[in-house]
1. In nm, to one decimal, how far is the residue 132 label point from the residue 160 one, both placed 7 Å along Cα→Cβ?
2. Using the per-residue mean of other Cβ atoms lying within 10 Å as a proxy for protection, in what order, highest first, do the peptides 58-66, 122-130, 76-84, 29-37 fall?
3. Three principal axis extents, largest first, for the C-alpha atoms of the chain, in Å?
4. For residue 129, give me every one of the lysines with a C-alpha distance below 29 angstrom, ignoring sequence neighbours fewer than eight places off in its own chain.
5. Quick one: pull the percent of accessible area on the chain belonging to carbon and sulfur, 1.4 Å probe, ligands and nucleic acids left out.
6. Under the rule of -39500 (n - 2.57) per DSSP H run of 4 or more residues, summed and divided by the residues of the chain, what mean residue ellipticity at 222 nm is obtained, to the nearest 500 deg cm²/dmol?
7. For the charge dipole of the chain, defined by +1 on Lys and Arg C-beta atoms and -1 on Asp and Glu C-beta atoms about the Cα centroid, which residue among 92, 11, 33 has the Cα displaced farthest towards the positive pole?
8. Quick one: putting +1 on the C-beta of Lys and Arg, -1 on the C-beta of Asp and Glu, what dipole do you get for the chain around its Cα centre, in Debye to the nearest 20?
Amino acid sequence: NNFSEYSTSVQGKMAVGGNFLPANNGGVTIASGSSDGAGVYDLVVGGNFSSTGYSMGGGDIYVGGNMTWNTPTLPNNAYVKGSFTDASGGSVGGTIYYGTTFNSSATYLSHQVKSPGAMPTPIDFVSAKTSLDSLSASLAADSANGTVTHSLSTYTLTGTDLHLNVFNLAAGSYSSTAINIT
């Protein structure tokens with residue numbers, strides 16, 4: 001679905017099936033702990049991307065719709081199936097590939113902006129959702145065989161099966177707590 005969090009950092013890779021639209025024009029850092037280079041997607045967005053104060057840590061970004069990015073910080077490439085708009089300049093270490101139009105007040109080198117034509121989508125979000133919904137339903141049918149104890153702000157999950165331990169926790173009941181697994 002859509003991503004609307006803001007003022008946060010995602011240490012690893014991220015996939016958003018809908019739109020990437022951080023609320024309040026808030027900044028988001030993706031793959032800040034990544035050492036991926038060009039040719040590896042650290043962010044895939046199925047819909048539109050719109051952000052201010054955003055930076056990429058490692059690899060490439062793919063946007064299936066339009067991308068509006070004020071002051072981008074991107075060490076490698078951006079693949080945008082729709083239009084790319086940058087209203088205030090930024091830092092791009094690779095190439096911006098765009099599908100329809102390119103609009104920017106910044107000066108990019110000629111090798112940094114290209115319209116390559118067709119761009120394959122790296123993730124089929126409809127198929128992934130179907131597969132993950134099926135897996136979730138299958139896992140939800142498993143009976144609990146582990147024990148859960150709670151003391152102050154710590155949950156302890158204890159499993160004794162050598163192959164699979166299943167624990168039942170109520171949704172949201174473990175917010176702002178520690179979870180220890182034994």
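1. Taking the simple label geometry, residue 132 and residue 160 are separated by 3.5 nm.
2. Result, highest mean first: 58-66, 76-84, 29-37, 122-130.
3. Principal-axis extents of the Cα atoms in the chain, largest first: 61, 34, 28 Å.
4. Residue 129 reaches 13, 81.
5. Details: 5170 of 10010 Å².
Carbon and sulfur atoms account for 52 percent of the accessible area of the chain.
6. Helix contribution divided over all residues of the chain: -3000 deg cm²/dmol.
7. The Cα lying farthest towards the positive end belongs to 92.
8. 320
The values are calculated or read from the model by the stated rules, or taken from the named source; none is laboratory data. All figures in this text were calculated on a predicted structure; none of them were measured in a lab. As a convention, Cβ positions derive from the backbone with ideal geometry for all residues, glycine included, and neighbour counts pool all protein chains shown. Accessible surface areas use protein heavy atoms only, side chains included; no ligands, DNA or RNA. Shrake-Rupley method; radii C 1.70, N 1.55, O 1.52, S 1.80 Å.
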